[in-house]
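Please read the structure below before turning to the comments.
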Amino acid sequence: MTTVGRTQVFLLPDLGEGLSEAEIVEWRVAVGDVVTVDQSVVEVETAKAVVDVPCPYAGRVVALHGAAGEVRPVGQPLITIAPLDGGDEPAGHATYREEERAGSGNVLIGYGTGHGTATRRRRRPRLAVAPEPADAGPAGAAAEAAPAASVDPARSSAARVISPIVRRLAREHGVDLDTVRGTGPGGVIRRADVEAALTAPAARLAAVPDPQVGSAPVGDGDGDVIVPLTGIRKVIADKLSRSRREIPEVTIWVDVDATGLLETRAAINAATPDAPVSILALLARICLSGLRRFPQLNSRVDTEAQRIVQSAGVHLGIAAQTDRGLLVPVLRDAQRLTTAELAAELAATTAAARAGSLPPARLTGGTFTLNNYGVFGVDGSTPIINHPEAALLGVGRIVDKPWVVDGQLAVRKVTQLSLTFDHRVCDGGVAGGFLRHVADCVERPALLIAAV
């Protein structure tokens, strides 16, 4: 926070571990609005989540520092608030420079462009809806007016202003908005229109504009599809690349008979129908038991200090596939939770991750990851460790397979477990011991009860 005269400038706060910037998605307020303490004033998107940012001050908005689509660094001005008594307001807030009013609208209104340390992305190509047929009514009758500098001049008369969330959804899924018919007032494209285009059998996916090379090929579908490596996609790429560069990883695996685990889950859920547990929750409980026996896998390598740090608590990461990409929400101190609490937390956390409502702090700080790739219908994998963790357990699909039981061939529920581990923190004996403990508990859940 900084103070100029009697105005208060709210700086973009630290939104989570390792995040140095955020993109403005949508302002919740406008210049002249009156806000209260802790009122949400802007929605921003980090590399990890979409977050509503509350303002700690009350008063009248005199400046919005940044426009939708602009990236603001942490610690830079976000919004300026003046007291309602109209006291010592600097003259710079009372009269706005005309050049700041022009172009894209609320670009650094108030103090102008004086905060030069803010980084700006190259302007993304603005997408507009193709003209509606003559019977569709007056163009833009109920739509917002599009800023003159934000729209391709050749199509400005037919442009439809759409929300940043809709633009982002279309961009992430490669939907050409020129082919989408808006059902909102005046032909405005809504989120439901984009989602309908994604599920339509004849939906045409156009190339995504690449800010590095200009416009991407569009036409009969023969052109290359260019997907900018930005946002969460870039974070995933950077993190996985770093993991492969730094971690000498090894993967070991074993097939297990999960029939006993499925029977145990059915018995638990029959006894406690109001608090059902999932297979993932039971696997999480088994992993926690294994990490208590083999704490070397619940660690990270501090390369700068040349040491291995074994974590006191298990901050369990759960790999979750979402519309925004692969996320790993974290259950902190998972070892303190009962199995029922684990099940409830897992369900709530994965649902929030897919909805994009988890705060960034919930997506960092894991010490061990559980990855159920069996939901994709595959048996095995050699997953990449979630840096800087030291290990990851993967679980394949559970399917009927022939299995020898007491010397007799039988049909059992079989799955494959794979453990990828950092060879710097332990050798094969520790990793094999952990995986064997997990496998034994899956096959004979009574061993788990004896170990907790």
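The values are calculated or read from the model by the stated rules, or taken from the named source; none is laboratory data. Given the structure is predicted, the values throughout are model-derived calculations rather than measurements. Note that each Cβ is placed from the backbone with ideal geometry, even for glycine, and that neighbours are counted across all protein chains shown. Just so you know, the surface numbers come from the protein's heavy atoms only, side chains and all, with ligands and any DNA or RNA stripped out. Shrake-Rupley method; radii C 1.70, N 1.55, O 1.52, S 1.80 Å.
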> Any idea what Rg and Dmax come out to for the stretch 348-400 if you just take the C-alpha atoms, in Å?
Replying inline: 13.1, 40
>> Give me the dipole magnitude in Debye, nearest 20, for the stretch 245-300 about the Cα centre, with unit charges on the beta carbon: positive for Lys and Arg, negative for Asp and Glu.
In response: 300
>> Given points 7 Å out from each Cα along the Cα-Cβ axis, report the ALA450 to ALA312 separation in nanometres with one decimal.
In response: 3.2
> For the pair TRP403 and GLU246, how long in nm is the line joining their label points, each one 7 Å along Cα→Cβ?
Replying inline: 3.9
>> Given points 7 Å out from each Cα along the Cα-Cβ axis, report the THR338 to SER357 separation in nanometres with one decimal.
In response: 2.5
> Assuming R0 = 30 Å, what is the FRET efficiency of VAL225 and GLU26, from their Cβ-Cβ distance, to the nearest 0.05?
Replying inline: 0.65
> How large is the accessible surface per residue of the stretch 230-347, computed with a 1.4 Å probe and reported in Å² as a whole number?
Replying inline: 51
>> Distance between the C-alpha centers of the stretch 325-361 and the stretch 396-424? Whole Å please.
In response: 27
> Taking all pairs of different Cα atoms in the stretch 300-406, averaging 1/r and flipping that mean, what Kirkwood radius in angstroms comes out?
Replying inline: 15.4
> How large is ³J(HN,Hα) for each residue in the stretch 297-312, as worked out from phi by the Karplus curve 6.51 cos²θ - 1.76 cosθ + 1.60 (θ = phi - 60°), to whole Hz, x for Gly and Pro?
Replying inline: 7, 9, 8, 8, 9, 8, 5, 5, 8, 6, 8, 9, 10, 8, 6, 5
